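Notes follow once the structure below has been shown.
The values are calculated or read from the model by the stated rules, or taken from the named source; none is laboratory data. Only a predicted model underlies this, so the values are computations on that prediction, with no experimental measurement involved. Methodologically, a virtual Cβ is constructed for each residue, glycine included, from the backbone with ideal geometry; neighbour enumeration extends over all protein chains shown.
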Amino acid sequence: MQKIHFSIQINAPKEKVWDTMLGEATYREWTVPFHVGSYYKGDWSEGSKMIFLGPDETNKKDGGMVSRIKTNRKYEFISIEYLGMIVNGVEDTTSDEVKKWTPAFENYTFAEKDGGTELSVDVDTNEEYKEMFEGMWPKALQVLKEISER
């Protein structure tokens, strides 16, 4: 597992960037570069279970990721701990395939900078997905920036 890092300067207060990133409607917008139709079930409170989902046209059941909010320091830092996958509508947190990459973390840091917000993202990934994420994350962050600056 390796960590990849991304950051973007957004001309909006960190509270607005936070609310835009985590808001149900705006989450669906900025995550389009990852998967059109992405959404989540759960809440962002520390310790809560979160399910990140996207339409799977192959089997007509949404697939995605099982996670927990490891840390939530409102408007400063949020850490998502990925625990497994959802395949064919079924949660998998124990298979050998899942154990190869869990736990994995996605960490967001919000810092006031130059009258706006510097958003830093640190993502655990394996070599298989690194190139894909390096292409998707900058696009998703650009969308988040545009929405936050409206």
Handout entry: The one condition in (1) outside any strand (DSSP E or B); (2) over 24 Å from Lys130 (Cα atoms) that Lys41 fails to fulfil
Key = (1)
Practice task
Scan the stretch 88-108 and give yes if some residue there is in a strand (DSSP E or B), touching a helix residue (DSSP H, G or I) at 6+ places or on another chain (Cβ under 7 Å), more than 21 Å from His5 (Cα to Cα) and not β-branched (Val, Ile, Thr), otherwise no.
Solution key: yes
Exercise for the section: List every residue pair whose Cβ atoms sit under 7 Å apart, with the two residues 6 or more apart in sequence or on different chains, where the first one lies in the stretch 98-119 and is farther than 15 Å from Leu141 by Cβ and the second, anywhere, is among the aliphatic types (A, V, I, L, M) and outside any loop (DSSP other than H, G, I, E, B). Expected result: Val98/Met85; Thr102/Leu83; Pro103/Leu83; Phe105/Ile80
Completion exercise
Across (1) surrounded by 15 or more Cβ atoms within 10 Å (Cβ to Cβ); (2) more than 16 Å from Thr109 (Cβ to Cβ); (3) in contact with a strand residue (DSSP E or B) (Cβ under 9 Å, 6 or more places away or on another chain), Val17 clears everything bar (2)
Practice task
Run Leu144 past the list (1) under 16 Å from Trp18 (Cβ atoms); (2) in a loop (DSSP other than H, G, I, E, B); (3) in contact (Cβ under 8 Å) with a residue 24 or more places away in the chain and report the number of the one that doesn't hold.
Solution key: (2)
Completion exercise
Taking the stretch 2-23 and keeping residues closer than 25 Å to Val66 by Cβ and either at pLDDT below 95 or among the small types (Gly, Ala, Ser) (or both) leaves Gln2, Gly23
